[in-house]
Every structure is written in structure tokens, then in C-alpha cells.
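As C-alpha cells, the structure follows; a few thoughts come after it.
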Amino acid sequence: MIGEIICVGNEILIGDTLNTNTRYLSKSMTDLGIEVAYQVVVGDHEERLLDAIGTARRRSDVIVFTGGLGPTYDDMTKETVAKALERTMVLDETALEDIRLFFEQRKRTMAETNRKQAYKPTGGCILKNENGTAPGIYIKDEETHYILLPGPPGELMPMFEKEVAPILETLSANVITSRIFQLSGIGESDLAEMIGHIMDISDNPRIAPYAKLGSVNIRVTAITGTKKEGKKLIEETTALLMPFLEPYCYSYDGRSLEEVVVEMIKDQHHTIAIAESCTGGLLSSRIINVPGVSQVYRNGFVTYSNGSKETWLKVPHALMLKEGAVSEAVAIAMAEGVAKVSDASIGVGISGIAGPDGGTPEKPVGMVCMGFTINGKSHGTTFHFNGNRKKIRDYSVQYALTTLYSLLKEELKISNNKKG
């Protein structure tokens, strides 16, 4: 079945609200066997929304609307869908009672305008909203299914799981099974060249590489009649891909890069401490997000000034004068210093110029130096990133994790060779 998502609201069009609903709905609908082929954003304008509905009903089997179910005059999704389907609006007494109860439980008085939220197009079924005042609606008109959901993600997501997913599960005869391979150390163009011969002959499953921040992912998607058939196709395609992907693939089971790195640190009986300058604690934050990291994470330092590098990490003053704070030598000294003061077997140091000012011809904005030490063996590397301050800092963290992953992987390889 073909699915379409229509998000309603001027706040989305003008950029005041980040549209996270589309991403969530696309993934959730795909997992339920609905192929999302179209995504549309429409302002609070009846004629434009009518045009969008008319287009959607000609090409899609399932149309999911978000937003426009509030109590004010510009919340018009229900009324416009009713107009498009030539249905009248009727009051749902159960929905009205639920809205009244919502306010009573919070010791608030329901405004008369909230009564509008209890209306539905004739023939529509109310979808209960346990986290807000706007109930959703499900309508089947001929062979097209219309699902109306409120805009706030905190209301939409639990409603979808509890009310909508059971409906969609009954609609599609297909099962969509997918696996995402997460890669580091290779670019999208190099990857496409490497596995292009497999992509050319694979129609089902479909193989689609796509770039992410500092990494590349491959989504393998199979459309089958049963989960068992889908899993079989995914495993067969995995067997074809892995001889090429193995040097770069850190996960295909949904784990993040930081989760994999922390697991490697645990497995190799290491501990880690981190010293950051331009990234300001972002790397530590990524690491600390992993459950159970307290077993291996010693501590982190944000040593932004030169003096703090010298005082807390014991970076030699002479080295700072000779090489400058943004240099591989100082980044390595930061890594070695934080490992020593923290009694950790792994130390990471990051120093760079995130901009927008502070760059020179020799050391431009986007230059980031990193140092790593593992059991006393140190490494340094320098990257040159483009973009604004946030993007440079985000890239720095991603590449620090990628480099640490590669170093740990190489150390494990050496250790296994020695045992062999």
C-alpha cells in the first residue's frame, strides 16, 4: 500500500517548528508495511489543504495528517477533510467527556472553544488521546484510509502506537524488513563503487547508501509476504555485502558508534578519560549517553584556555609556545595528560578552531587536532572541517569516535595475532 503524510501548520512552513513527526511516521509506517511515497507540508489555508487532499487521494491508499486539530479558528484539518469527502461535522459525546475529564484532572476549567475538538466528520472513528485534548480520527472513504493526528509529538507518538498501528497492521499484505549497516572510514562514492555490482542486481531487497554526519549508512529493505521470508532475504544480502563492508561496518543491529566504542573499551578491559577544548564536552556527552559506561569512564575535562591545559593536564608551557594550542603535539599531550591524571588506560585530547573567528592562513577555521593514547602508545591526527561552528564541533566528535573505534579495532587485531 502507498502511504502519504500531510503535515498541516504555518509554523512548520516558516521554520518555527522542527518537523520531527514526518520522520517518526515514515519509519513507523514503513515498519508496518506501508510504503511512504509522499510527504507534504501545507499551511493553515483551506483551499491549499483541499488541493493537497485531492492530490493525495488520487495516488495514495493511506493518508496521515498531523496538526490542525486544536481549538482555535485556524485549526481546520478535520473540517477541511470533511469538506473534501462531502461529510458533515457531528459532535462525539464520548470525546467531549474525555476532554472535560482531561481538564478536571488538572484542576482547570475547559474553555468553550475546546468543545470544537470533540467534533468529527460523519462516519469517522475517534482515536483516543491520553496526553492532550485533541482526539484523532480514522475515516475510511471508499478504498482510501484517512488518519488525523494532533501535531505535538508527545501526543502523536503514543497515539500512533496505541490507536493507529493496530489499524495499519490489518491493511497491508506485505511485510517490510530492513537492516541498516553503519559504516565509518569510507565515503559514499567509494562505497557505491565498491558494492555497485551488488546494488545493480538487487531489486528486492533494495540497497540504498546514504551519507550521514561523518559516516555512511546502507539501508537494505526487503518487501515480502511474511517476516520469515523478509529475514531470509536480508540475511542472504548481508552475506553478499559483508566481505566488502567488514573493514568499515561497526554495526548493523541498531547500535550507535558510541555504544560500540564503549563495548570495545569494556571488552578490552580499558578505562577512558577525555580532554576537550573546542568541543566543550560534547564527546564526553556522547560517551556518557551509553548505559553502563560508568564501568569504564573515568572523567572528562573541558580545558578551553591554554592555562587550564597546563594546570590540569600538565601540558608543557614550552610545547604550547612552540606548537600552539591547536596542534597534534598539544592534542597528544592533552590525551596523555588526562590519561595520567585520571589513571585511565585511554586518553583522548581535542583542540581546534571552531570559528567563525580565530583562524589564520596556517591554522584556518575548521582545523581540529586530536590526540589518542592507549596503554602508553600515542597517536595524533588533524582534520579540516567545513561549515558553521556547530557543524565543525559535531564533525569533530563524530571523527573522534570513528578514530577511536579504528584504533581499538587495530589493537584487538594485534592482540589476537599475538595470541594466535
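The values are calculated or read from the model by the stated rules, or taken from the named source; none is laboratory data. None of the values given here were measured: they were computed from a predicted structure. Methodologically, a virtual Cβ is constructed for each residue, glycine included, from the backbone with ideal geometry; neighbour enumeration extends over all protein chains shown. Ligands, DNA and RNA are stripped out before the accessible areas are found, and what is left, the full protein with its side chains, is counted by its heavy atoms. Shrake-Rupley method; radii C 1.70, N 1.55, O 1.52, S 1.80 Å.
At a glance:
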quantity: Pair list, Cβ < 8 Å and 6+ apart or interchain, from the stretch 310-333 residues that are surrounded by 21 or more Cβ atoms within 10 Å (Cβ to Cβ) to residues that are modelled with pLDDT of 95 or more and hydroxyl-bearing (S, T, Y); calculated: L313/T303; A325/S277; A325/S351; V326/S351; V330/S351; A331/S351; I332/T373; I332/S378
quantity: Residue within the stretch 11-32 that is among the aromatic types (F, W, Y) and either assigned to a helix (DSSP H, G or I) or within 25 Å of K227 (Cβ to Cβ) (or both) present; calculated: yes
quantity: Residue in the stretch 372-384 that is buried (at least 17 other Cβ atoms within 10 Å of the Cβ), touching a residue at least 60 places away in the same chain (Cβ under 8 Å), under 20 Å from V261 (Cβ atoms) and of a type in the set (V, I, T) present; calculated: yes
quantity: Unique match (being touching a Ser or Thr at 6+ places or on another chain (Cβ under 9 Å), in a helix (DSSP H, G or I) and of a type in the set (D, E, K, R)) among K232, K228; calculated: K232
quantity: Selection within the stretch 272-322 - hydroxyl-bearing (S, T, Y) and within 28 Å of the chain's Cα centre (by Cα); calculated: S277, T279, S284, S285, S294, Y297
quantity: Conditions (1) more than 33 Å from the chain's Cα centre (by Cα); (2) over 30 Å from Q295 (Cβ atoms): number failed by A354; calculated: (1)
quantity: Exclusive hit being buried (at least 17 other Cβ atoms within 10 Å of the Cβ) and out of contact with any Pro (no Cβ under 8 Å at 6 or more places or on another chain), set V338, V365; calculated: V338
quantity: Residue in the stretch 25-58 that is most open to solvent (accessible area, probe 1.4 Å), counting only those that are touching a residue at least 24 places away in the same chain (Cβ under 8 Å) and β-branched (V, I, T); calculated: V41
quantity: The one condition in (1) in contact (Cβ under 8 Å) with a residue 24 or more places away in the chain; (2) open to solvent by 20 Å² or more (accessible area, probe 1.4 Å) that S277 fails to fulfil; calculated: (2)
quantity: First in the stretch 183-203 and more than 26 Å from Y405 (Cβ to Cβ), second anywhere and open to solvent by less than 30 Å² (accessible area, probe 1.4 Å), Cβ under 7 Å, 6 or more apart; calculated: S202/T237
quantity: Which listed residue, of S178, S172, S215, S184, is within 30 Å of L127 (Cα to Cα), modelled with pLDDT under 95 and under 20 Å from the mean Cα position of the chain (by Cα); calculated: S178
quantity: Every pair of residues 6+ apart whose Cβ atoms lie under 7 Å, when the first sits in the stretch 250-269 and is modelled with pLDDT of 95 or more while the second is open to solvent by 70 Å² or more (accessible area, probe 1.4 Å) and not in a strand (DSSP E or B); calculated: E258/N289; K266/Q295; Q268/L412
quantity: Residues located in the stretch 235-254, provided they are under 18 Å from D31 (Cβ atoms) and surrounded by fewer than 19 Cβ atoms within 10 Å (Cβ to Cβ); calculated: D253, G254
quantity: Test for S305: is it out of contact with any Pro (no Cβ under 9 Å at 6 or more places or on another chain), of a type outside the set (D, E) and open to solvent by 30 Å² or more (accessible area, probe 1.4 Å); calculated: yes
quantity: Verdict on E97 being among the acidic types (D, E) and farther than 29 Å from R59 by Cβ; calculated: yes
quantity: Lone unmet requirement of (1) assigned to a helix (DSSP H, G or I); (2) of a type outside the set (S, T, Y); (3) open to solvent by 30 Å² or more (accessible area, probe 1.4 Å); (4) within 25 Å of L404 (Cα to Cα) for R219; calculated: (1)
quantity: The listed residue being at positive phi and in contact with an Asp or Glu (Cβ under 6 Å, 6 or more places away or on another chain), out of G68, G123; calculated: G68
quantity: Strands (runs of 3 or more DSSP E) lying entirely in the stretch 59-124 (those with 1 or more residues that are surrounded by fewer than 17 Cβ atoms within 10 Å (Cβ to Cβ)); calculated: 89-91
quantity: Leading residue by the ranking (nearest to E169 (Cα to Cα)) among those in the stretch 33-58 that are in a helix (DSSP H, G or I) and among the acidic types (D, E); calculated: D51
quantity: Every residue from the stretch 360-391 that is over 19 Å from V341 (Cβ atoms) and of a type in the set (S, T, Y); calculated: T360, T381, T382
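Each row is one residue, and each column tells you yes or no for (1) at pLDDT 95 or above; (2) in a helix (DSSP H, G or I); (3) farther than 17 Å from F385 by Cβ; (4) among the β-branched types (V, I, T).
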| residue | (1), (2), (3), (4) |
| --- | --- |
| V315 | yes, no, yes, yes |
| L319 | yes, yes, yes, no |
| V330 | yes, yes, yes, yes |
| G337 | yes, yes, yes, no |
| I350 | yes, no, no, yes |
